[in-house]
Structures are given as structure tokens and as C-alpha cells.
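The values are calculated or read from the model by the stated rules, or taken from the named source; none is laboratory data. Because the structure is predicted, anything quoted here is derived from the model rather than measured. Please note: Cβ atoms are built from the backbone with ideal geometry, for glycine as well, and neighbour counts cover all protein chains shown.
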Amino acid sequence: MNSKALVLSLCVALAGCAGHKKKPEPAPVPAQPSRTATHKPAEAEMSPVKRDIIELARREWEFFGRQTVVLDGEEESIPHVGKWEDDADAYIYRVNWYWRAVDKPHLDGRDCRQPWSAAFVSWIMREAGVSSYQFEPSEAHWGYLSRIVAEAGDPYAAFAPREIGEYSPRPGDLICATRGGPDEMPVPGQGFRSVLLEHTKLHCDIVVERGGDTLAAIGGNVRNSVSKTLLKLDPEGLVRPSQRRPWFMVLENRL
């Protein structure tokens, strides 16, 4: 086991974040997904915007070293450790890109106590061409989720909240969980508005692939990196909540 993996196993919640903080450099313009890129057969049937969301998430995961998290019930393993948010200037400034999407240009990868997962999702949506009307950029997942839940009855909404026990996630959707201890898990059937009233600390990942009973979702600030999480679906293709990752919502992508 290398030194980083050892540190990760001992204290996964802490980032390095050491040294004098430099002023972030102007963020370069990120490369846009190629419209002529080769896609898997299932992706070829998606809209260009949904394909771009998936491709952008994959590219950021690859840039951060392809860190992978495997969830198996209440067990979690990290078979491959990638690059962390403050490992080098390239990653520090990459996180700054994400923060700029939510009007926080003074933050970067060394601000390890500032969760950047919602900024990551907001940046992906913006770069994929999703308008702020369709998906409101937010520094916290609660911000865009509360608006989407409030507009759940709109048949023309770009995103729709779905119960994890009723809707099977597909690539391009988001899966969302609360953050906190096992005593803070949402009660099944509690209702999204009630969950959002009780839980302001949330996390969402972008579903990028589904094969058999395995779902792959990419998110930012997952174990200090952009990570791909692999989880098992139940026999009906539904997400199983756990104390380690209390999933409570699938955000259907209608784009």
C-alpha cells in the first residue's frame, strides 16, 4: 500500500491543504466535448446535451487520476486512489474552475473545508450548455435541488425529482444523498420537501454508466477528488440506500 492509500484509510475525511495559499490564476477555457466523439450505443440515442454532461464528467474523472470508490452495502473500498484536490497546482486550479461557476473565484483546491461537489456539478452543467434557468448553479446541492423540487409539477422542467424506490436511474441523471450520521437518514416516503427542510448538507453524483446491476456515477469532492462511485442496484434496478450513502432522490434528466 502506498503512502497516500495509507493516509486515506486512516483519515479519509481530511485533505492535505498545507502551505501558503497563492492567488488563483485566471482559469483557462476548458476544452468542449467533441460532437463527433465515439459514443456507446446507448449514448448514441441520447440528446447532445446529455451526452456532453456524461463526457465532461468522465474527462474530469480522468484528469484527476480515475479514482474509484466501490460501495457494497455498508462496505466501502477505494481500489484505485487518484489525485487529490491539493496535490499540485493543476488540481488546485482545476477546483478553482468549478468554484468560478458559482461566483466563488477566490476559492480553490486548498480550501479543503469548503465542499466543492455542488460547484463541480454546476460547472459540468454550464459547460454542457445547460442554461441557468434549466439548472440553477449553486455552491450547495440544497440550492438547485430545492428549486427543482419546488417546480416538480412543471411538465416542461429540465429535471424532475424521483423517488429512489420508484424510478430506475439512467446515464445523465443525478443520484442524491444526505450527508451525516446514520441517525440522520431520511425516512422512506418522507417526501422531498420534508427531507430538504431537515437536511441542508447533501451530495449528488452524475450517473455516467449502467451495466447489469451496477451503476457508475461521478462526483466532485468525493474522498478529496473527482471520483467514480460504483454501486449495486436491487433486482428491480433501483438504488439501495445505506447508512454510508443515504440516497434519497434520483434527479431525472429530461434534456
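When the test is whether a residue is surrounded by 15 or more Cβ atoms within 10 Å (Cβ to Cβ), in contact with a strand residue (DSSP E or B) (Cβ under 7 Å, 6 or more places away or on another chain), modelled with pLDDT under 95 and of a type in the set (S, T, N, Q), THR229 does not pass it. Looking only at residues that are touching a helix residue (DSSP H, G or I) at 6+ places or on another chain (Cβ under 9 Å) and assigned to a loop (DSSP other than H, G, I, E, B) in the range 220-241, which one is nearest to ALA177 (Cα to Cα)? Within the range 220-241, the match that is nearest to ALA177 (Cα to Cα) is ARG223. Scanning the range 141-164 for residues being buried (at least 18 other Cβ atoms within 10 Å of the Cβ), in contact with a helix residue (DSSP H, G or I) (Cβ under 9 Å, 6 or more places away or on another chain) and outside any helix (DSSP H, G or I) gives a total of 4. In the range 118-139, the residue that is surrounded by the fewest Cβ atoms within 10 Å (Cβ to Cβ) out of those that are in a helix (DSSP H, G or I) and among the charged types (D, E, K, R) is ARG126. Of the residues making up the range 71-91, those that are in a helix (DSSP H, G or I) and either loosely packed, with under 12 Cβ neighbours inside 10 Å or hydroxyl-bearing (Ser, Thr, Tyr) (or both) are ALA90, TYR91. Looking only at the range 100-110, residues that are under 15 Å from ASN224 (Cα atoms) and within 18 Å of the chain's Cα centre (by Cα) come to 2 in all. Considered as a group, the residues in the range 208-219 that are without any contact (Cβ under 8 Å) to a residue 24 or more places away in the chain and not in a loop (DSSP other than H, G, I, E, B) include one that is farthest from HIS141 (Cα to Cα), and that residue is GLY211.
Scanning the range 92-109 for residues that are surrounded by 23 or more Cβ atoms within 10 Å (Cβ to Cβ) and either of a type outside the set (A, V, I, L, M, F, W, C) or under 13 Å from ARG223 (Cα atoms) (or both) yields a total of 5.
Taken as a whole, the condition of being hydroxyl-bearing (Ser, Thr, Tyr) and at pLDDT below 95 does not apply to THR68.
Being surrounded by fewer than 18 Cβ atoms within 10 Å (Cβ to Cβ) and at pLDDT below 95 is true of ARG35.
The set of residues from the range 242-255 being under 30 Å from ASP111 (Cα atoms) and outside any strand (DSSP E or B) comprises SER242, GLN243, ARG244, ARG245, PRO246.
Remark: pairs (first residue in the range 153-164, within 15 Å of MET125 (Cα to Cα) and touching a residue at least 24 places away in the same chain (Cβ under 8 Å); second residue of a type in the set (Val, Ile, Thr) and in a loop (DSSP other than H, G, I, E, B); Cβ separation under 9 Å; 6+ apart in sequence or on different chains) = ALA158/VAL130.
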